[in-house]
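The values are calculated or read from the model by the stated rules, or taken from the named source; none is laboratory data. Because the structure is a prediction, the values reported are computed rather than measured. Neighbour counts are summed over all protein chains in view; Cβ atoms, including those assigned to glycine, are modelled from backbone coordinates with ideal geometry.
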Amino acid sequence: MEIESKQQILERRKEIEQELMDMLKETKSDFTLDHVREAIFHEEDNDDMMKVVAMFDRGGDASELSNVLELVTDAWNYFPHKVLGGISPAEKLLEHQSQSPLYECPECKLKYQEKKWAKACEAWCREHKSCNLEITAHAEK
């Protein structure tokens, strides 16, 4: 899940909502999009995600179950959860990413979580016109 902005999350959430409505209709479920949203928002137990999956269960084949699992996982990751303070796991990830600044070596452009490694990389790069594997092992992937 590569998250770049709150807008991207909201756009993906809208897409998922439409996919959920389509699948609810296709599976002739008695549940609505609001039921799915509420189940995700008020989740408390480890098996609550499976309760959402069960909303789509009509005894279909493995392919249908795979599609349901993929869609429910997306909904789980992009819909708000009460236990996360009313935000989604995707929004929580975005918060974490924005709180963890990366330091860049101006020579080779590799990024590090710790400033000391970016400085060490810069010093090595400037002096040797190459990268040091022991230093770059600390770079972000």
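Any chance you could count how many residues in the stretch 110-126 are of a type in the set (Asp, Glu) and either part of a strand (DSSP E or B) or under 19 Å from residue 96 (Cβ atoms) (or both)? Full working, then the answer.
Within the stretch 110-126, the first condition is being of a type in the set (Asp, Glu), and the residues that meet it are 114, 122.
Of the ones still in play, those that are also either part of a strand (DSSP E or B) or under 19 Å from residue 96 (Cβ atoms) (or both) are 114.
Residues flagged as of a type in the set (Asp, Glu) and either part of a strand (DSSP E or B) or under 19 Å from residue 96 (Cβ atoms) (or both) within the stretch 110-126 amount to 1.
Which ones in the stretch 65-91 are of a type in the set (D, E, K, R) and surrounded by 14 or more Cβ atoms within 10 Å (Cβ to Cβ)?
Within the stretch 65-91, the subset of a type in the set (D, E, K, R) is 70, 74, 82, 91.
74, 91, listed by residue number.
Consider residue 61 carefully, then state whether it is among the charged types (D, E, K, R) and exposed (fewer than 14 other Cβ atoms within 10 Å of the Cβ). Can you show your working first?
Values: among the charged types (D, E, K, R): yes; exposed (fewer than 14 other Cβ atoms within 10 Å of the Cβ): yes.
When the stated conditions are applied, residue 61 passes them.
Kindly list, by first and then second residue, each pair from a residue in the stretch 7-30 that is closer than 25 Å to residue 87 by Cβ to a residue that is among the β-branched types (Val, Ile, Thr), limited to pairs with Cβ atoms under 6 Å and residues at least 6 apart or on different chains.
The qualifying pairs are 20/36.
Going by the conditions given, is residue 102 touching a Lys or Arg at 6+ places or on another chain (Cβ under 8 Å) and either of a type outside the set (Gly, Ala, Ser) or at pLDDT below 95 (or both)?
Details: touching a Lys or Arg at 6+ places or on another chain (Cβ under 8 Å): yes; either of a type outside the set (Gly, Ala, Ser) or at pLDDT below 95 (or both): yes.
So residue 102 passes the test.
Within the set of pairs 6+ apart or on separate chains, which have a first residue in the stretch 64-76 that is within 24 Å of residue 93 (Cβ to Cβ), a second that is among the aromatic types (Phe, Trp, Tyr) and not in a helix (DSSP H, G or I), and C-beta atoms under 6 Å apart?
68/56
What number of residues in the stretch 48-76 are assigned to a loop (DSSP other than H, G, I, E, B), at pLDDT 90 or above and not aromatic (Phe, Trp, Tyr)?
Just the residues of the stretch 48-76 that are assigned to a loop (DSSP other than H, G, I, E, B), to begin with: 55-61.
If we keep only those that are at pLDDT 90 or above too, we end up with 55-56.
Still in the running and not aromatic (Phe, Trp, Tyr): 55.
The total comes to 1.
Please go through the stretch 31-47 and give me each residue that is modelled with pLDDT of 95 or more, more than 18 Å from the chain's Cα centre (by Cα) and either not charged (D, E, K, R) or not in a helix (DSSP H, G or I) (or both), ordered by number.
Matches in the stretch 31-47: 31, 32, 33, 35, 36, 39, 42.
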